[in-house]
Amino acid sequence: MSYVVLARKWRPQSFEDLVGQEHVSTTIGNAIAQNRVAHAFLFTGVRGVGKTTSARILAKALNCVNGPTAKPCQVCPQCREITEGRDLDVQEIDAASYTGIDDVRRLQSTLGPLPARDRFKIFIVDEVHMLSGPAWNAFLKTLEEPPPHVKFIFATTEVHKVPVTILSRCQRYDFKLISALRIAARLRWVLEQEKIQADDAAVKTVAREAAGSMRDAMSLLDQVIAWVGVEGELITAEGVSKVLGVADRSVLYRLAEAVLAGDAATGVRLVGDLAQQGYDLPHVARDFLGLLRDLVIAKIADDPARLLDLADEELADVKAVAAPVEVDDLTRLHQGFSRAFDDIVRSGQPRASLEMALVRLSRRPPLVPVDELIRRLSDLERRLGGAPSGPSGGPRGGAPGPSGGQGPARRPGPAPGSFSSPAEAPRAPSPQAAPPPPAPAPAPTPARPAPPAAPVAAPPAPAPQPARPAAPPPAAAAPAPVFTPPRAPTAPPPAPAPARQEAPPPAPARPSVPPRAGGPPPDVEAWRAVLSLVRERRPALASVLEHAALLRFGPERVEIGYEASSFLVGQATDAGAREILLAALSTHFGRAPELSFETIASKNGAVTVAMLDTADRKVKLDAARRAVAEHPLVAAAIELLGAELRDVRVAEAEA
Ligand SMILES: [Zn+2]
């Protein structure tokens, strides 16, 4: 007796046997039970998931002498002949080879007549998207006015190629990929029927390799059985790996352990062994990527067994590999390798690509958890908080800091080493930038080195200081407090190249621009007071007056100057404005002074409140920025994180 391949021998004959497509069989079963069977079905899904099998089961269900029934008897002539593919009223058409005009004519002529024996004339059209235009038309005519005795079952892997006119007349069923667990269960059942022994890991490996297709799973199993050959011999995972060219899981584990431990040499050696034994390296890379995913899932999931298609002992192994590693490190590894994966698959030299990917990943910089960084920073802060000697008096005015009673003076001992040690400080940053900065000339492959390689990192050595915070106040900033001519910047502004690395000029004696510390001469303050009175009545007028030059200010006489061209003149001098200003002045002086508006050539030589305010704000902002930039905590953070100070923003309100 000739050998029948497993896929045919154990093809499901009833909906109950159909694995992984319960949503289809249930719906069809219900439709049959309620006598609401459509006249055209469309089964879609990737190959090997049970579309044609389901079509045959459906044909039996419709034509069984006991039918229509969801459970065809399997023994009546109809059931038997359909199973054997020789029922005259059930035609299976392969659309790909059914394109000639003669085929179509024959089809048209067969659609009309009643079935020879069965209840329905059933057309099962496989790969229906391959039909020619005339063939579609022949079907369409029938679909538009379906004779009650005709049923169509279309199957396709490419539903998007099926004309909409056809789609809209069909009841559509989408077949899913079958989970490896379900496939494994079916494989085990088949092995039992065949009286063949196989260990669990072997079955799972075959199921995984089938990638959701039951037919592929059966074919692979055929292959494995043929290789083992000897009756009574146990099929092992190792044997399966050899037959299917799949790297043994244990090799993958060792590969993962090597990379996780940063042992690039071992990784490369393992790849060499695999290459020598003739393994398909892109395939190995795919399995390795799968393993990295398994490691993450095993690490984070409460019930990983449900999410991973692994035998129990495999799951235990995966957990063991993942146990000593941080999740973040595992995800980083997965991310890095999946980027490299495309390269490996497409590369003309997959071995080199795989090797270099493993080397890069092995040399990834250590991951410093954010918690750890924060801890180091707060350590630092605590030390600084307690040390009033710090430049610029430290934050919060030398308050003893959270460490309270603990003599902060003692602390500097251990802490500084913890972040200044050059070994780790510069490597800390950018936790997901996998590549180690020093990786020398990686990837000799023609394919360009995987993205994570060179370009990203290079945090240290910020030689030029591009930071541009706190530009030194330009000339304008130094306003003489008096409203006599602002004698241009006398003392040079402190040129505060903002705090940096080595030697920030400690607390640069905040010079030059005296921020009206002693208070400006009374006139300006008095004028401000008057303006605030004005503001109460007409805020817009106060704003206008802030831009006026105060030429003279006294109980006798107040002179206000505007540039002739200023559009503000009109707003300040109209009768209402004048009245409000006078009232404010009267309140201020206790009597009404003489008020006049003068036209001046330019404000040169005069000071306006607006100018003072602007200059004042600038001085404060600059000081605040400098204080932040020079703050020891910030400087330390820059060093610790390998960061760079780009900008300091100070909220206006604070300034
Ligand atoms: Zn039957």
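Identify all residues within the stretch 211-238 that are small (G, A, S) and surrounded by fewer than 19 Cβ atoms within 10 Å (Cβ to Cβ); write none if there are none.
At the first step, the residues of the stretch 211-238 found to be small (G, A, S) are 211-213, 217, 219, 226, 229, 232, 237.
Of everything in the stretch 211-238, those that are small (G, A, S) and surrounded by fewer than 19 Cβ atoms within 10 Å (Cβ to Cβ) turn out to be A211, S219, A226, G229, G232.
Taking the stretch 159-178 only, how many residues are crowded, with 19+ Cβ neighbours inside 10 Å and within 17 Å of T27 (Cβ to Cβ)?
Residues that pass the stated criteria total 3.
Looking at the structure I just gave you, is E563 assigned by TED's automatic domain parsing to the domain that holds L531, modelled with pLDDT under 85 and of a type outside the set (S, T, N, Q)? It would help to see each step written out before you state the result.
Values: assigned by TED's automatic domain parsing to the domain that holds L531: yes; modelled with pLDDT under 85: yes; of a type outside the set (S, T, N, Q): yes.
Spelling it out, E563 is indeed assigned by TED's automatic domain parsing to the domain that holds L531, modelled with pLDDT under 85 and of a type outside the set (S, T, N, Q).
Please return the ranges of helices (runs of 4 or more DSSP H) entirely within the stretch 59-158 where 3 or more residues are surrounded by 18 or more Cβ atoms within 10 Å (Cβ to Cβ) and within 13 Å of the ligand (Cβ to nearest atom). Steps first, answer last, please.
Values: elements: 77-84, 101-111, 133-144.
Filter on the stretch 59-158 gives 77-84.
Could you list all residues from the stretch 251-263 that are in contact with an Asp or Glu (Cβ under 9 Å, 6 or more places away or on another chain) and in contact (Cβ under 8 Å) with a residue 40 or more places away in the chain?
First, the residues of the stretch 251-263 that are in contact with an Asp or Glu (Cβ under 9 Å, 6 or more places away or on another chain): 251-253, 257, 260, 263.
Correct list: Y253, E257, L260, D263.
Restricting attention to the stretch 592-633, report how many residues are of a type in the set (D, E), modelled with pLDDT of 80 or more, surrounded by 18 or more Cβ atoms within 10 Å (Cβ to Cβ) and touching a helix residue (DSSP H, G or I) at 6+ places or on another chain (Cβ under 9 Å). Lay out the reasoning, then the answer.
Looking only at the stretch 592-633, we keep the residues that are of a type in the set (D, E), and these are 594, 598, 613, 616, 622, 630.
Then keep just the ones that are modelled with pLDDT of 80 or more; that gives 594, 598, 613, 616, 622.
Those left that are additionally surrounded by 18 or more Cβ atoms within 10 Å (Cβ to Cβ): 616, 622.
Cutting the leftovers down to touching a helix residue (DSSP H, G or I) at 6+ places or on another chain (Cβ under 9 Å) gives us 622.
Of the residues in the stretch 592-633, 1 are of a type in the set (D, E), modelled with pLDDT of 80 or more, surrounded by 18 or more Cβ atoms within 10 Å (Cβ to Cβ) and touching a helix residue (DSSP H, G or I) at 6+ places or on another chain (Cβ under 9 Å).
Can you run down the residue pairs with Cβ atoms below 7 Å, 6 or more apart or on separate chains, where the first is in the stretch 74-88 and closer than 17 Å to K121 by Cβ and the partner is within 10 Å of the ligand (Cβ to nearest atom) and in a loop (DSSP other than H, G, I, E, B)?
Q78/C64; Q78/V65; C79/C64; C79/P72; C79/C73
Take the stretch 522-555 and flag every residue that is without any contact (Cβ under 8 Å) to a residue 12 or more places away in the chain, in contact with a helix residue (DSSP H, G or I) (Cβ under 8 Å, 6 or more places away or on another chain) and within 15 Å of E579 (Cβ to Cβ).
A542
Of all helices (runs of 4 or more DSSP H) completely enclosed by the stretch 182-267, which ones contain at least 1 residues that are closer than 29 Å to E22 by Cα and under 30 Å from the mean Cα position of the chain (by Cα)?
On the way: elements: 200-210, 214-228, 237-244, 249-260.
Because the criterion is at least 1 residues that are closer than 29 Å to E22 by Cα and under 30 Å from the mean Cα position of the chain (by Cα), the helices (runs of 4 or more DSSP H) in the stretch 182-267 that meet it are 200-210.
The values are calculated or read from the model by the stated rules, or taken from the named source; none is laboratory data. No experiment lies behind these values; they were computed from the predicted model shown. For neighbour counting, all protein chains shown are included, and Cβ atoms are generated from backbone atoms with ideal geometry for every residue, glycine included.
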